[in-house]
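The values are calculated or read from the model by the stated rules, or taken from the named source; none is laboratory data. Everything quoted here is computed from the prediction, not taken from an experiment. Here the Cβ positions follow ideal geometry from the backbone for every residue, glycine too, while neighbour counts run over all protein chains shown. The accessibility values were calculated without ligands, DNA or RNA, using every heavy atom of the protein model including side chains. Shrake-Rupley method; radii C 1.70, N 1.55, O 1.52, S 1.80 Å.
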Amino acid sequence: KPDVIVTVDNGISSIDGVAHAADFAIDVIVTDHHLPGDKLPQAFAVVNPNQPGCDFPAKNLAGVGVAFYCLSGLRSELRSRGWFEKAGITEPSMATWLDLVALGTVADVVPLDEVNRALVHQGIQRIRSGLCRPGIKALLQIAGKLSHRVLASDLGFALGPRLNAAGRLDDISLGINCLITDDPHHAMSTATTLDQLNKDRKSIEQGMQREALSVLDKLLMEPDQELPVALCLFDARWHQGVVGLVASRLKEKYHRPTVVFARADNGELKGSSRSIPGLHIRDVMEAVANEHPGLISKFGGHAMAAGLSLEEDKLEKFSQAFQAQVEQEISADDLKAVIFSDGELRPDQLSITVAELLRDSGPWGQQFPEPLFDGEFTIKQQRIVGEKHLKLVLSCPSQPDLMLDAIHFNMDAERWPNRQCETVHCVYQLDINDFRGKCSLQLLVRHIQPIADERTTL
């Protein structure tokens with residue numbers, strides 16, 4: 001029976017929920033970063049940089065960033081009232097929470113503008129210095145990452161998925177407890193559980209992805225059948241906690257806006273969508289909802305990702321409306337994936353010194369991408385490691401004696417290794433492989449195309 005409810009990273013679309021709380025004389029304070037609809041919840045207060053009339057300049061904050069600034073403002077107000085002194089409480093240092101702010105900002109994949117880069121940079125510096133939560137230390141150890149060398153990408157690809165796995169498959173409080181505990185032993189125990197949940201999540205996701213790809217492959221095998229401009233998929237066996245990840249994988253593979261549905265606990269379908277550059281997916285959902293009242297039960301999100309719910313018997317109608325709306329808003333060129341390269345590096349620039357310079361120029365992330373380079377290479381060795389990762393040894397045509405280790409994660413096992421391929425055009429990042437304390441240069445391949453079958457303009 002609370003007197004006050006404070007939301008974090010949600011609530012801006014909870015019109016009915018806030019009204020229901022008011023019926024019980026509960027004040028609601030909404031802190032959120034998602035884009036609001038035409039109507040705001042009638043809360044005691046709404047803290048959201050994206051609400052109409054808000055002149056706060058940092059519009060790209062994640063939910064954790066909004067909470068951080070909200071707490072900073074509260075501290076300033078309490079300080080001005082002399083509250084800390086009167087209560088005999090030491091004024092808290094907001095820097096204490098920057099490790100969590102950095103983790104949440106990167107994991108939520110918000111644009112790394114000037115403010116977010118500063119928050120992430122300072123948080124990473126604290127983690128590298130050992131000034132972070134025991135849970136973050138434990139998760140890094142479980143993931144095989146060194147705290148003193150942690151990068152923004154480690155937060156996004158190593159820690160984020162393990163924490164999210166709890167909410168996807170079990171109980172989100174596991175991830176919360178891991179992050180808030182002060183006991184290193186409890187942190188390690190919880191991190192170990194999260195790691196196992198993440199392995200289970202991967203297995204479920206891979207199965208769902210195979211089933212989705214099979215559906216699309218059968219569709220493309222039909223005569224005169226082309227891939228639609230938008231993908232909408234549902235299977236009664238799919239897990240609702242993993243639909244967003246599957247939508248993201250399909251979007252990456254086919255470069256189509258994608259929504260994937262599963263049955264939710266309340267009998268409705270729960271969908272998660274991912275978009276491509278040039279299409280604001282939340283606006284698409286809003287347009288569909290306005291054009292077809294009652295079709296979507298609820299929705300919310302932002303430009304590149306959105307969630308929604310609808311009744312199962314309305315799925316076909318939604319799919320048609322979704323396709324029609326996407327067709328109105330994008331062109332044929334939008335459906336062509338484009339890779340932007342920063343150009344070709346000279347052989348003398350393919351060095352660990354340059355790789356360290358790039359690493360230390362971060363943090364890199366959403367809308368502030370790490371530099372990509374491209375060039376032609378000769379394949380000296382190629383093999384699959386870890387079931388689906390392509391391990392390569394490459395050389396430069398202009399300097400054949402320069403051997404370069406390279407790896408392409410999650411490669412198509414049906415296409416590679418390719419023993420007939422001798423030369424390739426690669427798009428890559430300069431990476432540092434830290435193995436048993438020894439650092440060496442590694443090319444992190446993002447795209448690879450045989451020279452004899454070059455069809456992509458870079």
From the option list I407, I451, single residue qualifying as open to solvent by 40 Å² or more (accessible area, probe 1.4 Å), touching a residue at least 24 places away in the same chain (Cβ under 8 Å), touching a His at 6+ places or on another chain (Cβ under 8 Å) and closer than 28 Å to K336 by Cα is I451
Only one of these conditions is not met by S273: (1) touching a residue at least 40 places away in the same chain (Cβ under 8 Å); (2) closer than 30 Å to V338 by Cβ; (3) of a type in the set (G, A, S). Which number is it?
(1)
Filter the range 298-350 down to the residues that are β-branched (V, I, T) and under 30 Å from F373 (Cα atoms), then identify the one that is least open to solvent (accessible area, probe 1.4 Å).
I330
Per the filter on the range 229-285, residues more than 13 Å from F322 (Cα to Cα), open to solvent by 20 Å² or more (accessible area, probe 1.4 Å) and of a type in the set (A, V, I, L, M) are A236, L245, A264
Restrict the check to the range 146-155 and report whether at least one residue is modelled with pLDDT of 95 or more, under 24 Å from the mean Cα position of the chain (by Cα) and open to solvent by 60 Å² or more (accessible area, probe 1.4 Å).
no
Residues within the range 62-117 that are small (G, A, S) and either in contact with a Phe, Trp or Tyr (Cβ under 6 Å, 6 or more places away or on another chain) or at positive phi (or both), tallied:
2
Before we move on, is E85 among the acidic types (D, E), assigned to a loop (DSSP other than H, G, I, E, B), surrounded by fewer than 17 Cβ atoms within 10 Å (Cβ to Cβ) and free of Cβ contacts under 8 Å to residues at least 40 places away in the same chain?
no
Pick out, from the range 235-336, the helices (runs of 4 or more DSSP H) lying fully within it that include 1 or more residues that are among the aliphatic types (A, V, I, L, M) and modelled with pLDDT under 90.
243-254
Can you find even one residue in the range 135-145 that is on the phi < 0 side of the Ramachandran plot and under 16 Å from the mean Cα position of the chain (by Cα)?
no
Tally up the residues in the range 34-45 that are surrounded by 17 or more Cβ atoms within 10 Å (Cβ to Cβ) and within 25 Å of L98 (Cβ to Cβ), please.
1
Given (1) surrounded by fewer than 20 Cβ atoms within 10 Å (Cβ to Cβ); (2) part of a loop (DSSP other than H, G, I, E, B), where does L78 come up short, assuming only one miss?
(2)
Given the criteria part of a strand (DSSP E or B) and not polar (S, T, N, Q), does L357 qualify?
no
When the range 286-297 is checked residue by residue, the ones that are surrounded by 15 or more Cβ atoms within 10 Å (Cβ to Cβ) and free of Cβ contacts under 8 Å to residues at least 60 places away in the same chain are A287, V288, A289, H292, L295, I296, S297
Condition first: open to solvent by 50 Å² or more (accessible area, probe 1.4 Å), under 30 Å from L35 (Cα atoms), in a helix (DSSP H, G or I) and of a type in the set (S, T, N, Q). Can you find one or more residues in the range 159-167 that meet it?
yes
Restricting the range 420-437 to residues that are in contact (Cβ under 8 Å) with a residue 60 or more places away in the chain and open to solvent by less than 20 Å² (accessible area, probe 1.4 Å), which is nearest to A143 (Cα to Cα)?
L430
Number of positions in the range 22-33 that are open to solvent by 40 Å² or more (accessible area, probe 1.4 Å), at negative phi and either part of a loop (DSSP other than H, G, I, E, B) or not acidic (D, E) (or both):
3
Answer residue from the range 385-404, given it is open to solvent by 60 Å² or more (accessible area, probe 1.4 Å) and touching a strand residue (DSSP E or B) at 6+ places or on another chain (Cβ under 9 Å) and is nearest to S440 (Cα to Cα) among those:
M403
Collect the residues in the range 42-59 that are touching a residue at least 12 places away in the same chain (Cβ under 8 Å) and on the phi > 0 side of the Ramachandran plot, keeping them in residue-number order.
none
Go through E205, E226 for me and flag whichever is among the charged types (D, E, K, R) and surrounded by fewer than 17 Cβ atoms within 10 Å (Cβ to Cβ).
E226
Of the residues that sit in the range 134-145 and are more than 20 Å from W364 (Cα to Cα) and not hydrophobic (A, V, I, L, M, F, W, C), which one is least open to solvent (accessible area, probe 1.4 Å)?
G135
Filtering the range 168-188 for residues that are open to solvent by less than 70 Å² (accessible area, probe 1.4 Å), more than 16 Å from G123 (Cα to Cα) and in a helix (DSSP H, G or I) leaves a count of 9
